Amino acid sequence: MIRFGVSTHLYHGQRLRRDHLLEISAFGFDRIELFATRTHVDYHSEAAIADLQQWLADASLELHSVHAPIGESFARGRWGLPLTLASRDAAARSRALAETERALHVARRIPFGVLVTHLGLPRPAENSRDGARRSVETLQKQAAPLGVRLALEVIPNQLSQASSLAHFIEEVVDAPDIGICLDFGHAHLGGDLLEAIETVSEHLIATHVHDNRGRLDEHLLPYDGTIDWPGALTAIQKVGYEGALT
(Lines give C-alpha, C1' and ligand atoms only; values in the text may rest on other atoms or scores of the structure.)
Protein backbone atom coordinates (compact mmCIF):
# COMPACT_ATOMS: atom_id res chain seq x y z
CA MET A 1 0.00 0.00 0.00
CA ILE A 2 1.34 3.43 -0.94
CA ARG A 3 1.80 5.74 2.03
CA PHE A 4 1.71 9.50 1.70
CA GLY A 5 3.40 12.12 3.84
CA VAL A 6 3.84 15.88 3.90
CA SER A 7 6.99 17.89 4.51
CA THR A 8 6.73 20.79 6.95
CA HIS A 9 8.46 22.73 4.16
CA LEU A 10 4.83 23.58 3.37
CA TYR A 11 5.01 26.03 6.31
CA HIS A 12 8.73 26.78 6.03
CA GLY A 13 8.40 30.55 6.21
CA GLN A 14 6.69 30.31 9.60
CA ARG A 15 7.57 28.96 13.03
CA LEU A 16 6.12 25.44 13.11
CA ARG A 17 3.02 25.20 15.31
CA ARG A 18 0.70 22.52 16.61
CA ASP A 19 -2.05 23.82 14.30
CA HIS A 20 0.10 23.00 11.27
CA LEU A 21 0.34 19.35 12.26
CA LEU A 22 -3.36 19.16 13.04
CA GLU A 23 -4.07 20.56 9.57
CA ILE A 24 -1.88 17.91 7.92
CA SER A 25 -3.66 15.18 9.89
CA ALA A 26 -7.10 16.57 9.07
CA PHE A 27 -6.40 15.99 5.36
CA GLY A 28 -5.74 12.30 5.96
CA PHE A 29 -1.94 12.15 6.08
CA ASP A 30 -0.30 10.07 8.80
CA ARG A 31 3.40 11.04 8.59
CA ILE A 32 5.57 14.08 8.14
CA GLU A 33 9.07 15.07 7.16
CA LEU A 34 10.44 17.78 9.46
CA PHE A 35 12.31 20.46 7.53
CA ALA A 36 15.09 21.41 9.92
CA THR A 37 15.75 25.13 9.66
CA ARG A 38 16.13 26.86 13.01
CA THR A 39 13.79 29.73 12.10
CA HIS A 40 11.13 27.08 11.34
CA VAL A 41 11.77 24.71 14.25
CA ASP A 42 14.65 25.19 16.68
CA TYR A 43 16.13 21.70 16.67
CA HIS A 44 18.80 22.93 19.12
CA SER A 45 16.12 23.42 21.78
CA GLU A 46 15.07 20.47 23.95
CA ALA A 47 11.87 22.32 24.80
CA ALA A 48 11.01 22.80 21.11
CA ILE A 49 11.57 19.09 20.41
CA ALA A 50 9.45 18.15 23.44
CA ASP A 51 6.67 20.37 22.07
CA LEU A 52 7.00 18.70 18.66
CA GLN A 53 6.72 15.28 20.26
CA GLN A 54 3.48 16.29 21.96
CA TRP A 55 2.06 17.89 18.82
CA LEU A 56 2.76 14.74 16.81
CA ALA A 57 0.89 12.71 19.41
CA ASP A 58 -2.01 15.16 19.40
CA ALA A 59 -2.26 14.92 15.61
CA SER A 60 -1.66 11.13 15.46
CA LEU A 61 1.26 11.73 13.09
CA GLU A 62 4.52 9.79 12.72
CA LEU A 63 7.83 11.57 12.29
CA HIS A 64 8.91 9.69 9.18
CA SER A 65 12.00 11.68 8.27
CA VAL A 66 14.00 14.82 8.98
CA HIS A 67 15.45 17.02 6.26
CA ALA A 68 18.92 18.15 7.31
CA PRO A 69 19.47 21.91 7.44
CA ILE A 70 20.57 23.57 4.20
CA GLY A 71 20.63 27.16 5.44
CA GLU A 72 21.15 28.94 8.73
CA SER A 73 17.75 30.66 8.44
CA PHE A 74 14.78 31.33 6.21
CA ALA A 75 12.80 34.51 6.80
CA ARG A 76 10.68 36.79 4.61
CA GLY A 77 11.33 34.49 1.68
CA ARG A 78 15.12 34.80 1.94
CA TRP A 79 17.72 32.21 2.91
CA GLY A 80 20.49 32.94 5.35
CA LEU A 81 24.01 31.55 4.88
CA PRO A 82 24.00 28.17 3.13
CA LEU A 83 25.04 25.00 4.97
CA THR A 84 26.80 22.52 2.71
CA LEU A 85 28.22 19.14 3.64
CA ALA A 86 30.33 19.15 0.48
CA SER A 87 32.06 22.50 0.94
CA ARG A 88 35.68 22.90 -0.16
CA ASP A 89 36.11 25.22 2.83
CA ALA A 90 36.87 23.16 5.95
CA ALA A 91 35.26 25.62 8.36
CA ALA A 92 32.07 25.86 6.30
CA ARG A 93 31.82 22.08 6.00
CA SER A 94 32.39 21.69 9.74
CA ARG A 95 29.62 24.19 10.48
CA ALA A 96 27.20 22.34 8.19
CA LEU A 97 28.16 18.99 9.70
CA ALA A 98 27.57 20.28 13.25
CA GLU A 99 24.10 21.57 12.34
CA THR A 100 23.21 18.30 10.61
CA GLU A 101 24.32 16.35 13.66
CA ARG A 102 22.05 18.49 15.86
CA ALA A 103 19.11 17.74 13.57
CA LEU A 104 19.96 14.04 13.64
CA HIS A 105 19.87 14.10 17.43
CA VAL A 106 16.11 14.76 17.29
CA ALA A 107 15.99 10.94 17.01
CA ARG A 108 17.20 10.67 20.61
CA ARG A 109 13.75 11.88 21.70
CA ILE A 110 11.50 11.27 18.67
CA PRO A 111 12.40 8.19 16.61
CA PHE A 112 12.49 8.60 12.85
CA GLY A 113 13.87 6.44 10.07
CA VAL A 114 15.48 8.69 7.46
CA LEU A 115 17.71 11.78 7.49
CA VAL A 116 17.55 13.47 4.07
CA THR A 117 20.71 15.38 3.17
CA HIS A 118 21.89 17.62 0.34
CA LEU A 119 25.38 17.27 -1.10
CA GLY A 120 26.71 20.42 -2.71
CA LEU A 121 25.57 23.75 -4.09
CA PRO A 122 24.63 24.69 -7.68
CA ARG A 123 28.09 26.12 -8.50
CA PRO A 124 30.54 23.22 -9.12
CA ALA A 125 33.57 25.21 -7.92
CA GLU A 126 32.14 25.23 -4.39
CA ASN A 127 31.74 21.45 -4.15
CA SER A 128 34.18 18.79 -3.01
CA ARG A 129 33.44 15.10 -3.56
CA ASP A 130 36.00 14.20 -0.89
CA GLY A 131 34.37 16.62 1.54
CA ALA A 132 31.01 15.04 0.81
CA ARG A 133 32.45 11.58 1.41
CA ARG A 134 33.92 12.53 4.78
CA SER A 135 30.67 14.20 5.87
CA VAL A 136 28.55 11.19 4.90
CA GLU A 137 30.86 8.71 6.60
CA THR A 138 30.85 10.78 9.81
CA LEU A 139 27.07 11.12 9.80
CA GLN A 140 26.46 7.45 9.08
CA LYS A 141 28.46 6.43 12.15
CA GLN A 142 26.23 8.63 14.30
CA ALA A 143 22.98 7.73 12.56
CA ALA A 144 23.26 3.94 12.68
CA PRO A 145 23.02 3.60 16.51
CA LEU A 146 19.90 5.80 16.41
CA GLY A 147 18.21 3.56 13.81
CA VAL A 148 18.40 6.29 11.17
CA ARG A 149 19.46 5.85 7.54
CA LEU A 150 20.96 8.65 5.45
CA ALA A 151 19.20 9.47 2.18
CA LEU A 152 21.20 11.59 -0.26
CA GLU A 153 18.79 13.77 -2.21
CA VAL A 154 18.78 14.15 -5.97
CA ILE A 155 19.33 17.89 -6.49
CA PRO A 156 20.42 19.99 -9.49
CA ASN A 157 24.21 19.88 -9.23
CA GLN A 158 26.93 17.61 -10.60
CA LEU A 159 27.50 15.83 -7.29
CA SER A 160 23.85 15.00 -6.77
CA GLN A 161 22.38 13.96 -10.08
CA ALA A 162 20.82 10.49 -9.95
CA SER A 163 23.73 8.76 -11.68
CA SER A 164 26.32 10.67 -9.62
CA LEU A 165 24.71 9.65 -6.33
CA ALA A 166 24.45 6.01 -7.38
CA HIS A 167 28.16 6.02 -8.26
CA PHE A 168 29.02 7.86 -5.02
CA ILE A 169 27.28 5.20 -2.93
CA GLU A 170 28.65 2.25 -4.88
CA GLU A 171 32.21 3.38 -5.50
CA VAL A 172 33.21 6.36 -3.32
CA VAL A 173 31.72 6.31 0.15
CA ASP A 174 32.83 3.72 2.70
CA ALA A 175 29.66 3.56 4.76
CA PRO A 176 27.00 0.85 4.69
CA ASP A 177 23.26 1.32 4.30
CA ILE A 178 23.32 4.75 2.63
CA GLY A 179 20.32 5.41 0.39
CA ILE A 180 18.92 7.97 -2.02
CA CYS A 181 15.98 10.36 -1.75
CA LEU A 182 14.52 10.75 -5.23
CA ASP A 183 13.17 14.27 -5.59
CA PHE A 184 10.78 13.99 -8.54
CA GLY A 185 10.87 17.69 -9.35
CA HIS A 186 14.66 17.90 -9.26
CA ALA A 187 15.04 14.78 -11.40
CA HIS A 188 12.55 16.25 -13.90
CA LEU A 189 14.71 19.38 -14.15
CA GLY A 190 17.67 17.12 -14.90
CA GLY A 191 16.00 15.49 -17.89
CA ASP A 192 14.40 12.03 -17.75
CA LEU A 193 12.58 11.29 -14.48
CA LEU A 194 11.76 7.71 -15.50
CA GLU A 195 15.44 7.05 -16.22
CA ALA A 196 16.36 8.57 -12.85
CA ILE A 197 13.95 6.19 -11.09
CA GLU A 198 15.64 3.24 -12.75
CA THR A 199 19.12 4.62 -11.98
CA VAL A 200 18.50 5.00 -8.23
CA SER A 201 16.23 1.97 -7.83
CA GLU A 202 18.69 -0.16 -5.84
CA HIS A 203 19.28 2.62 -3.33
CA LEU A 204 15.84 4.29 -3.18
CA ILE A 205 14.63 4.82 0.41
CA ALA A 206 12.77 8.16 0.31
CA THR A 207 11.00 10.52 -2.07
CA HIS A 208 10.03 14.16 -2.48
CA VAL A 209 6.97 14.44 -4.70
CA HIS A 210 6.27 17.74 -6.46
CA ASP A 211 5.97 19.09 -9.98
CA ASN A 212 7.42 21.76 -12.26
CA ARG A 213 7.45 22.74 -15.93
CA GLY A 214 10.99 21.51 -16.54
CA ARG A 215 12.77 24.85 -16.20
CA LEU A 216 12.48 26.12 -12.61
CA ASP A 217 12.19 24.35 -9.24
CA GLU A 218 8.63 25.56 -8.73
CA HIS A 219 7.43 22.97 -6.17
CA LEU A 220 4.01 22.71 -7.79
CA LEU A 221 1.37 20.19 -6.84
CA PRO A 222 1.47 16.98 -8.90
CA TYR A 223 -0.27 17.40 -12.26
CA ASP A 224 0.23 21.20 -12.22
CA GLY A 225 3.50 20.86 -14.17
CA THR A 226 4.81 18.64 -16.96
CA ILE A 227 5.86 15.46 -15.13
CA ASP A 228 4.35 12.27 -16.56
CA TRP A 229 2.74 11.14 -13.31
CA PRO A 230 1.14 7.90 -14.53
CA GLY A 231 4.50 6.87 -15.98
CA ALA A 232 6.42 7.93 -12.88
CA LEU A 233 4.14 6.11 -10.46
CA THR A 234 4.18 2.99 -12.60
CA ALA A 235 7.99 3.12 -12.67
CA ILE A 236 8.14 3.53 -8.88
CA GLN A 237 5.97 0.44 -8.45
CA LYS A 238 8.02 -1.56 -10.98
CA VAL A 239 11.27 -0.98 -9.07
CA GLY A 240 9.60 -2.24 -5.89
CA TYR A 241 9.65 0.98 -3.84
CA GLU A 242 7.49 0.50 -0.75
CA GLY A 243 8.32 3.65 1.22
CA ALA A 244 6.39 6.88 1.59
CA LEU A 245 5.64 9.40 -1.12
CA THR A 246 6.30 12.71 0.64
Task: Residue satisfying condition, being more than 21 Å from G71 (Cβ to Cβ), small (G, A, S) and open to solvent by less than 20 Å² (accessible area, probe 1.4 Å), within set A144, A151, A103, A187 - done: A187
Open item on the list: Looking at the range 104-123, can you tell me whether even one residue there is closer than 26 Å to S163 by Cα and over 16 Å from the mean Cα position of the chain (by Cα)?
Closed with: yes
- [ ] Evaluate the range 160-171: report whether one residue or more is open to solvent by 80 Å² or more (accessible area, probe 1.4 Å), under 25 Å from A125 (Cα atoms) and within 18 Å of the chain's Cα centre (by Cα).
- [x] yes
- [ ] Select from the range 145-170 the residues that are more than 14 Å from V200 (Cβ to Cβ) and either at pLDDT below 95 or in a loop (DSSP other than H, G, I, E, B) (or both) and list them in ascending order.
- [x] G147, V148, P156, N157, Q158, L159
TODO: Considering only the range 49-61, state which residues are in contact with a helix residue (DSSP H, G or I) (Cβ under 7 Å, 6 or more places away or on another chain) and outside any loop (DSSP other than H, G, I, E, B).
DONE: I49, W55, L56, D58, A59
Task: Total residues in the range 2-21, condition surrounded by 18 or more Cβ atoms within 10 Å (Cβ to Cβ) and within 17 Å of the chain's Cα centre (by Cα) - done: 6
Open item on the list: Name the single residue that is nearest to G243 (Cα to Cα) among those in the range 30-42 being touching a residue at least 12 places away in the same chain (Cβ under 8 Å) and surrounded by fewer than 21 Cβ atoms within 10 Å (Cβ to Cβ).
Closed with: R31
- [ ] Return the residue satisfying two criteria in turn: it lies in the range 171-185 and is part of a helix (DSSP H, G or I) and among the hydrophobic types (A, V, I, L, M, F, W, C), and of such residues it is nearest to A86 (Cα to Cα).
- [x] V172
TODO: Scan the range 58-72 for residues that are open to solvent by less than 70 Å² (accessible area, probe 1.4 Å) and either of a type in the set (A, V, I, L, M) or free of Cβ contacts under 8 Å to residues at least 40 places away in the same chain (or both) and report the count.
DONE: 8
- [ ] Output the number of residues of the range 77-100 satisfying the condition of being among the hydroxyl-bearing types (S, T, Y) and either open to solvent by less than 10 Å² (accessible area, probe 1.4 Å) or within 15 Å of the chain's Cα centre (by Cα) (or both).
- [x] 2
- [ ] Please work out which residue is nearest to E33 (Cα to Cα), limiting yourself to the range 203-215 and to residues that are part of a loop (DSSP other than H, G, I, E, B) and in contact (Cβ under 8 Å) with a residue 24 or more places away in the chain.
- [x] V209
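Listed here are the residues, each with its yes/no results for (1) in contact with a Lys or Arg (Cβ under 6 Å, 6 or more places away or on another chain); (2) farther than 11 Å from A162 by Cβ; (3) hydrophobic (A, V, I, L, M, F, W, C); (4) not in a loop (DSSP other than H, G, I, E, B).
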{"site": "A187", "(1), (2), (3), (4)": "no, no, yes, yes"}
{"site": "E195", "(1), (2), (3), (4)": "no, no, no, yes"}
{"site": "T199", "(1), (2), (3), (4)": "no, no, no, yes"}
{"site": "G225", "(1), (2), (3), (4)": "yes, yes, no, no"}
{"site": "L233", "(1), (2), (3), (4)": "no, yes, yes, yes"}
Task: Index of the failed condition, H64 passing every other in (1) more than 15 Å from H9 (Cβ to Cβ); (2) assigned to a strand (DSSP E or B) - done: (1)
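The values are calculated or read from the model by the stated rules, or taken from the named source; none is laboratory data. Model, not experiment: these values are computed from the prediction. Here Cβ is always computed from backbone atoms with ideal geometry, including for glycine, and neighbour counts include all displayed protein chains. Ligands, DNA and RNA are excluded from the accessible area calculation, which covers all protein heavy atoms including side chains. Shrake-Rupley method; radii C 1.70, N 1.55, O 1.52, S 1.80 Å.
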